[in-house]
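A.B. asks: Sharing a structure here in structure tokens format.
Each value in this text was obtained by applying a stated rule to the coordinates, not by laboratory testing. What you are looking at is a predicted structure, and each value in this text was computed from that prediction instead of being measured. We place every Cβ from the backbone using ideal geometry, glycine too, and count neighbours over all the protein chains shown.
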Amino acid sequence: QVQFVESGGGLVQPGGSLRLSCAASGFTFRNYAMGWYRQSPGKQRELVATIATSGSTNYVDSVKGRFTISRDNAKNMVYLQMNFLKLEDTAVYYCTRPYSGSWGQGTQVTVSS
């Protein structure tokens with residue numbers, strides 16, 4: 001079955017960096033776009049970044065210039081490099097194959113001084 005396992009979250013100060021990783025399995029990874037989403041307490045889950053099979057990327061405006069999504073088709077991995085983190089980036093981050101309906105457990109990112 002389709003599965004995603006996220007890792008790399010943690011506690012970081014404002015302005016700091018984190019790199020999230022996601023291991024995907026259960027489907028032919030290279031044939032699908034992938035995305036990172038996040039959810040803060042009391043808020044709806046929002047799409048943060050996507051990467052197409054071609055490698056083209058899209059970002060929500062609030063993270064443009066700070067976050068970079070990438071993929072390694074040989075390893076079935078998706079990454080999210082997050083730089084210049086802000087307090088409002090605090091959330092649980094999830095990776096998924098859009099429209100798959102499958103979600104991992106997520107990884108908590110907390111930005112706090």
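A.B. asks: Kindly provide the set of residues from the range 81-93 that are of a type in the set (Asp, Glu) and surrounded by 14 or more Cβ atoms within 10 Å (Cβ to Cβ), ordered by number.
C.D. replies: At the first step, the residues of the range 81-93 found to be of a type in the set (Asp, Glu) are 88-89.
Of everything in the range 81-93, just one residue is of a type in the set (Asp, Glu) and surrounded by 14 or more Cβ atoms within 10 Å (Cβ to Cβ), namely ASP89.
A.B. asks: State whether one or more residues within the range 103-113 are among the aromatic types (Phe, Trp, Tyr) and under 21 Å from VAL2 (Cβ atoms).
C.D. replies: Step one: filter the range 103-113 for residues among the aromatic types (Phe, Trp, Tyr), giving 103.
Remaining after also requiring under 21 Å from VAL2 (Cβ atoms): 103.
Taking every residue of the range 103-113 in turn, at least one turns out to be among the aromatic types (Phe, Trp, Tyr) and under 21 Å from VAL2 (Cβ atoms).
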